[in-house]
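Q: I am attaching a structure below and will ask some questions about it afterwards.
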Amino acid sequence: MAGDTAAVMNFTLDRVPVAEETQRLETQLVYTASVAAKQVSRVLQFAAKRLPKLEGIEHVKRVKRIAADTEGRRRDSELLQVVLCQCNKITRAQLDATVE
């Protein structure tokens, strides 16, 4: 029986990359706001109603904690950074006018 299982098969294994590995990384400029945690919901509702929708970057988290400063301390643990919209969809002047 040992002779039966000793047969050698000639083949090669090739790794096929998944789609995420073959896509190019493309950065996009976005407008953000530093917002108190209690205000995030209202800011997101405002952005959804009054600002251009995110296109092509829907996978990006819209809210994140603001990073610690250079000495490792949080600037303000209650502040969060919110992505408002892409810079190529609206000018800063238009954004300012919409926010006011």
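Only the coordinates and a few stated rules stand behind these numbers; no lab work does. Computed from a prediction, not measured in an experiment: that's the story for all the values here. Neighbour counts run over all protein chains shown; Cβ positions are idealised from the backbone, glycine included.
Q: Could you check the spin-label model distance between Ala48 and Gln28? Points 7 Å from the Cα along Cα→Cβ, value in nm.
A: About 1.8 nm, to one decimal.
Q: Considering only the other residues whose Cβ falls under 13 Å of the Cβ of Arg50, what net charge follows from Lys and Arg at +1 and Asp and Glu at -1?
A: Numbers: positive: Arg42, Lys49, Lys53, Lys89; negative: Asp96, Glu100.
Net of charged neighbours comes to +2.
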